[in-house]
Structures are given as structure tokens and as C-alpha cells.
1. With no solvent and one point on each alpha carbon, what is the Debye value of log10 I(q)/I(0) for region B:277-359 at q = 0.12, 0.22, 0.24 Å⁻¹?
2. Given a Förster radius of 60 Å and the C-beta distance between A:Lys105 and B:Asp49 as r, what FRET efficiency does 1/(1 + (r/R0)^6) yield to the nearest 0.05?
3. Quick one: which residues, 5+ away or cross-chain, put their amide H under 5 Å from the amide H of A:Thr66? H built at 1.01 Å from N.
4. Can you pull the Kirkwood radius for region B:39-149, inverse mean 1/r over Cα pairs, to one decimal in Å?
5. Could you pull out every residue, at least 5 positions away or on a different chain, whose amide H is within less than 5 Å of the one on A:Leu154? Hs are placed 1.01 Å off N in the peptide plane, and Pro or chain starts have none.
6. Rg and Dmax of chain B, Cα atoms, in Å?
7. Nearest 500 deg cm²/dmol is fine: what mean residue ellipticity at 222 nm does chain A get from its DSSP H runs of n ≥ 4 alone, each adding -39,500 (n - 2.57), divided by its residue count?
8. Which whole-Hz couplings ³J(HN,Hα) result when phi for each residue of region B:409-414 is put into the Karplus expression 6.51 cos²θ - 1.76 cosθ + 1.60, θ = phi - 60°, listed in order with x for Gly and Pro?
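Every read-out reported here was derived from the displayed coordinates using simple, explicitly stated rules and does not represent laboratory data. Everything numeric in this text was worked out from a predicted model, so none of it was measured. Here the Cβ positions follow ideal geometry from the backbone for every residue, glycine too, while neighbour counts run over all protein chains shown.
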Amino acid sequence: MLRVVDLAVERGERLILHGVSLSVQSGERLAIHGPSGCGKTTLLHAIAGLLPVHRGAIHVDDVDVTHVPAHRRGVGLVFQDNQLFPHFNVADNVSYALRVRGVSKRERNRVADEWLSRVGLDDFAHRETSDLSGGEAKRVALARTLAGTPRVVLLDEPLTGLDPLLHEQLLADLRNLFDHLGTTVVHVTHDRAEGSALCHRSIDLQSPPDSIP
Amino acid sequence: MTSARTHPSTDPVFHPVVGPGAAFIPVAWLVAFLVVPVVLLVTGDTDFDDVTRILTRRSTWNVVWFATWQAVLSVVATFVVAGPVTWLISRHRFRGRRALRAVTTVGFLLPSVVVATAFLAVLPRSLHYSVFAVVIAHAYFNIAVVVRVVGARAESLDAQLSLAAQTLGATPPTAWRTITVPMLRNSIASAGTVVFLYCFSSYAVIRVLGGPRRSTIESDIALRAFGIGDVGGASVLALLQMLCIGVVAGAIHLLARSNGKPTRAPSAMLPTIPDNRRRTAIAIAAVTVAFVIAPLSALFWQSVHVGDTVSARAWQSIFNTSLIESVWTSTRTALVAGLVGTVLCILATLAITRLRTGGNVVNSLTLAPLAMSPVTIGLGLLVTFDSGWFDWRSRWWFVALAHTLVSFPLAVRVLVPAWRTTPVGLHRAAAVLGAGGGRRFIDIDLRRMRPAIVASLGLVVAVSLGEFGAASMLSREGAETIPVAIARLLSRTGDEVRAQAFALASILVVVCVMALAIVEMALQRGEHASRR
């Protein structure tokens with residue numbers, strides 16, 4: 001489970017987040033809504049360990065990870081713009097988390113194939129990332145995050161920019177996949193319908209940000 | 001709706017005064033004064049005996065070996081010196097970033113003989129004429145290559161890729177090794193190759209700082225042709241050097257083709273320097289600025305010292321002796337080279353941008369001087385134009401002619417991008433308002449291109465003022481250019497002549513910086529104009 005207590009994040013002199021608290025149970029999916037600029041992405045980056053926290057605490061599975069670096073936190077993040085590594089092919093992207101743990105190439109390829117199959121991208125292993133469509137790149141980014149078996153998955157507007165048909169299809173696929181895996185998810189989106197369709201519960205992050213019950 | 005995609009060569013209004021005729025003059029110039037002399041040098045002044053004599057001599061391979069390993073060492077030193085400041089500039093946004101980037105460019109823009117002389121001024125005597133002096137001077141020159149080539153690529157890398165790797169479990173060093181470095185690899189290789197080429201064919205630095213026992217192929221060509229009159233041997237060495245440059249240039253081409261795409265457009269979205277890195281950043285900036293400024297400051301300082309005594313004698317003697325002639329010769333040469341070279345480059349640019357197939361040929365030809373070192377170009381001219389009506393060896397403008405060739409690739413590269421931005425619509429509008437081809441050329445092309453033309457002129461003047469290789473072949477006593485006079489003074493002993501060399505080099509620093517400031521201002525005006 002994930003617990004955020006009275007979180008404050010500053011950038012320079014500016015307070016980006018202030019007094020944010022939330023709790024997500026194991027296997028639960030929480031949607032966070034809010035207008036542009038209210039700090040949704042900042043909150044995810046702080047939970048992932050990519051931004052220093054000014055005040056407050058972050059607990060994952062009852063362990064305080066507030067000052068644990070990103071690579072040891074066990075929190076996966078699907079970036080809004082995917083951030084696929086352009087110098088790796090699809091399989092190497094998906095298996096990157098295993099590579100940094102020293103897993104053998106053979107095992108990495110097996111895991112990559114398995115995850116690609118789960119996200120509906122069989123036979124994409126050797127494709128270049130530059131050849132992927134928007135929807136395919138999104139699925140690869142998701143597979144890459146899930147293949148690392150994080151304790152919590154953070155989704156930063158994962159379906160933004162997709163055409164309506166693809167949006168619906170990917171939303172259904174994500175729901176099925178997370179139901180099947182029992183993944184703990186925090187899903188940031190400005191689309192309330194999308195949040196309700198994918199998540200069990202939703203909350204609003206206000207601008208200026210404030211405490212969330 | 002044919003406008004944007006119509007090739008200028010097929011557009012009825014877009015090649016007003018340019019037919020294939022425009023290409024004739026620059027092409028004829030390059031063929032007559034570059035291609036023919038170098039071909040004659042290699043074929044006419046060389047026989048098989050020369051080839052075997054030079055290639056079987058142990059000293060030749062010693063020279064090749066020294067040229068290679070000092071160049072490799074210089075590449076390593078360049079990356080050591082330029083690496084931290086490249087990281088600072090390309091990955092952070094901070095006040096003074098542009099100024100710091102400009103400071104890193106200073107060495108590359110100054111004449112090689114000036115940089116070598118400045119290191120003679122700043123280094124203790126025990127390090128004069130040492131490999132260390134050569135390598136550190138080469139590193140000084142080439143900081144800009146690493147900052148510009150690797151920095152541009154690093155700036156275009158999305159920092160979030162490294163963060164993405166960290167959310168997947170990579171430590172910051174692992175993310176650096178597996179994500180950042182592989183994506184910079186091609187730019188590092190490209191910059192390394194360019195630096196290697198500069199250092200491999202280095203001449204002024206070797207002559208001033210290398211001492212009598214050290215030689216690159218370039219300085220050996222000059223020594224053979226001028227020192228011992230072995231033109232055949234020099235020609236073989238010139239050919240050998242061209243082959244080496246060709247092989248490495250081919251490698252650059254392959255690397256450039258496979259260079260990765262940026263992951264985002266370079267922009268002002270770089271992060272500011274985090275508090276925990278501020279001290280490191282300040283230290284890097286301070287050390288870099290000190291490294292760039294110290295040799296130049298030492299140059300001025302030493303120019304007002306004779307031995308240990310403060311004295312203006314060196315400066316006075318420049319104006320009271322024949323040394324003032326070198327200032328006049330350099331000025332005259334640079335102005336003539338600038339005017340003639342710019343006109344030739346404008347014509348070449350018109351041909352490159354407006355002719356369909358011929359443009360590519362002209363483009364390739366304007367790059368040819370890059371494949372031939374200045375010493376080879378000078379030597380080719382010297383052995384070709386040496387008799388009868390064409391005995392131009394004692395003519396002062398012979399050096400200016402060589403400088404138009406040496407500066408061709410740079411000046412054309414400044415003009416071509418600017419020329420390509422001329423909207424075809426302006427030509428069409430002028431045409432329907434009654435402007436003929438010549439009128440449109442003057443009112444549209446020349447007016448819009450004025451900043452680029454001024455930049456090109458400034459560049460040719462700056463190149464000519466500092467050029468040493470060809471000038472050392474073609475200058476005659478009494479009509480030496482400043483770089484040749486500096487090298488001659490440094491080859492003599494005595495504190496006063498050395499101070500005179502430092503004073504002349506100081507003059508060259510000021511004049512070149514002024515010329516390059518004009519280039520920079522003109523280019524910036526051109527950028528503003530093209531945005532309008």
C-alpha cells in the first residue's frame with residue numbers, strides 16, 4: 001500500500017505542493033483529478049523519488065521511503081510522454097529494469113516477450129521505438145514499468161493524445177491487466193470519465209493544492 | 001501551390017542572374033588555383049623514386065607515429081578539459097551561460113600561431129618545446145569542438161530519460177552509463193575525430209611549441225620543401241597526409257550518418273543548477289575561464305616585459321622597425337582576400353542554392369580545401385606558378401589568393417543557410433511588380449543577405465589574418481604576414497625579439513576578436529532578419 005502524509009514540494013522559492021495526504025490500499029486503483037498546473041505530475045514525481053520532498057512523508061508497504069532514492073524505491077512510473085529509450089529496441093526497453101539487476105540476457109528476453117504479449121504487442125520485440133505508433137509506444141512504456149514488478153505503479157496521464165477509439169481500447173486493456181495482476185495504481189488524469197472507468201476511487205487535487213482526505 | 005516545393009532551378013523567377021554562368025568563376029578559381037596545383041604537385045614533382053625514398057625512410061614513419069600519438073593524447077586532453085564545462089553548459093540553465101559558451105569558443109577562433117605563442121608566454125621555460133606544451137595548446141583550441149558537438153547533442157537529450165531509468169531501478173551512475181553515454185557516443189566519436197584531424201595535421205603549434213626534434217607530416221612537408229628543397233619528398237608527404245585525412249574524414253561521414261536524433265528540441269527548458277551542485281558548477285566555470293584567459297593575459301603581460309624588466313620597447317620597435325611592414329602586409333592581404341573571397345563565395349553560394357545538379361558539384365568543390373592542408377595548398381601554388389608570365393612568387397597578392405582558397409569552405413557554409421531562407425514569394429512579388437532579374441538580385445537577395453555577406457567577409461578576413469601554413473610557404477622577406485613574422489621572431493634568441501613576437505601576437509588577438517565580433521553581430525542580425 002501507499003501512504004502520503006502532509007507532503008510539501010518546493011521548486012526554488014515556489015511551493016508546488018502543500019499539505020497533500022492520501023492513502024491507497026494494496027491492489028487499489030486511485031484516480032487523481034485536477035486542473036492543469038495544480039501539481040499532479042509533481043506529486044507523482046515526488047512519490048517516485050524524482051523530486052526532493054520539502055516536508056511530509058511517503059510510505060510504501062509501511063516502509064518510510066521519503067528519502068530513499070528513486071532506483072531503490074520500488075515505485076514504477078509511466079511517463080506522460082513515455083520516455084522510451086531511443087537507442088534500445090522494444091525488448092531492451094521492456095527488460096531494462098531486469099538488466100540493471102544483472103538478470104541474464106536470455107531471461108530478459110523471455111520476460112520481455114511475456115510482457116509484450118500481455119500488452120498485445122507480440123512480435124514487437126525487435127522493433128525500433130521510433131517505428132511505434134502512439135498507442136504502441138504507450139503499451140511498451142506500460143510493459144517496461146510492469147516488467148520491473150514495482151510495488152506501486154504511477155500513471156501520468158497515460159491515455160492523453162490518443163484517438164477516441166484507441167483510448168477506449170487501451171483503457172479496457174489496462175483495466176483487465178490491472179484486475180488480473182492486482183496492481184496498486186495511482187492514476188493522474190484530467191479526464192474524470194477515464195478515471196472512473198479505470199479506478200476504484202478518485203480524488204481531486206485542488207489548485208492551490210491542499211490536503212486530501 | 002507550387003511555391004514551397006518548387007526547386008529554385010525550375011522556378012522561372014528564382015534564378016534571376018544565375019545560370020550555370022554564376023558557377024563558372026568560383027569553379028574556375030578553385031580548379032585553377034587548388035585542384036590543378038595540387039594535382040601537378042603530386043604528379044609533376046613526384047616520381048617513383050621519391051615515393052620509395054620517402055616511404056622507406058624510418059624518419060617518415062617516426063613523423064607519422066608522432067603525429068598520431070600526440071593527436072590521440074590531444075584528443076584525450078581535450079575531453080578532460082572540455083568535458084566538465086560541456087556538462088555544465090549543456091545540462092543546466094544559469095546566468096552567464098551564453099557568456100561561458102562564448103569564452104569556450106575563443107581558442108578555436110584565434111589563429112593557431114597566436115595560441116601557440118600565448119602558451120609560450122604562459123608556460124614556465126622548463127615546459128617550452130615539450131609534448132605537454134603541444135598537447136595543452138591543442139586542447140585549448142579544441143574545447144569549442146567538444147562543447148559545440150557533444151554539448152549540442154547533450155542539450156537535446158531529454159533529462160527525463162535518465163529519470164525513467166532510475167524509476168526502473170538504475171542507480172544514477174548506471175543510468176549515466178546505460179542511457180546517457182550510449183546516446184552521446186556518436187557525438188563523442190565525431191568530436192574526437194575532428195579534434196584528431198586538427199591535431200594530426202597541426203603545423204603552427206608544432207613549429208612554435210614542439211621544438212626542433214618534433215614534427216607532424218604537415219611540418220615535415222614545410223621543412224622538406226623550404227628547409228632542404230626536397231619538393232618531391234614534400235609532395236609524397238602531402239599525398240600521404242591527404243590519404244590519412246581522407247580515411248578519417250570518411251569515418252566522420254559514416255558516424256555523422258548514424259548519429260541519433262535528438263529526443264527533444266534544445267530549448268530554455270533545461271533545469272537550473274541544484275543547490276548541491278552549485279559549488280562544483282562555479283569551480284568548473286572559474287577553472288575554464290581561467291584556462292582560456294590565462295594564456296592571453298600572459299601574452300599581453302610578456303609583451304611589456306623584456307627579461308624581468310617592465311618595458312614598452314617591444315611595442316615601440318614594432319612601429320620603428322620593419323615589423324610594421326608585416327602589419328601592413330597582413331591588413332592588405334586580409335582585405336583583398338576578404339573582398340575577392342566574399343565575391344567568389346557569393347557566386348558559389350548562388351550556384352549551390354539555385355542549380356539542381358550542378359549545385360551539388362559546386363558544393364563538393366568548395367569543400368575540397370578541407371581535404372588539403374594549407375601547407376599543401378601553398379606548396380602547390382608555389383611550384384605551379386613559378387615561371388614566365390605565371391611567376392607570381394614575389395607578388396604580395398599571392399598569399400591573398402591562397403587565403404581565398406583556405407577560407408572557401410567556412411565562408412560558403414555561412415552564406416548557404418542564409419540564402420536558402422529567401423522566400424520564393426518575395427521574388428514573385430517583385431517580379432509581378434516589374435522587377436527584372438538583376439533588380440531582384442540587388443533588392444531582395446543582396447539586401448536580405450547583407451548580414452550573412454558581412455559575416456562571410458569578416459570570417460575570410462579573420463582567417464586570412466591568422467593563417468600560417470600557406471603564408472609560411474608564400475610570404476617573402478620584407479612582405480611577411482604577422483603570423484609568419486611571429487614565427488620568425490620566435491625562432492631567434494633574445495628576450496627583446498621574443499617580446500616583439502608577443503606584442504605582434506597581442507595585436508593579432510585584438511584584430512581577430514574584433515573581426516569575429518563583427519561576424520557574430522552580423523549573424524545575429526541575420527537571424528533576427530530571417531525570423532521577420
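1. Reported log10 I(q)/I(0), two decimals: -0.76, -1.02, -1.09.
2. That pair, A:Lys105 with B:Asp49, gives E of 0.55.
3. Under 5 Å from the amide H of A:Thr66 lie the amide H atoms of A:Ile58, each far enough along the sequence or on another chain.
4. On the way: mean 1/r = 0.0600 Å⁻¹.
That comes to 16.7 Å for region B:39-149.
5. Residues meeting the amide H criterion: A:Gly76, A:Leu77, A:Val78, A:Val186.
6. Spelled out, the Cα radius of gyration and Dmax of chain B are 24.4, 77 Å.
7. On the way: 7 runs with 72 residues, N = 213.
-10000 deg cm²/dmol, from helical runs alone.
8. x, 5, 5, 5, 5, 6
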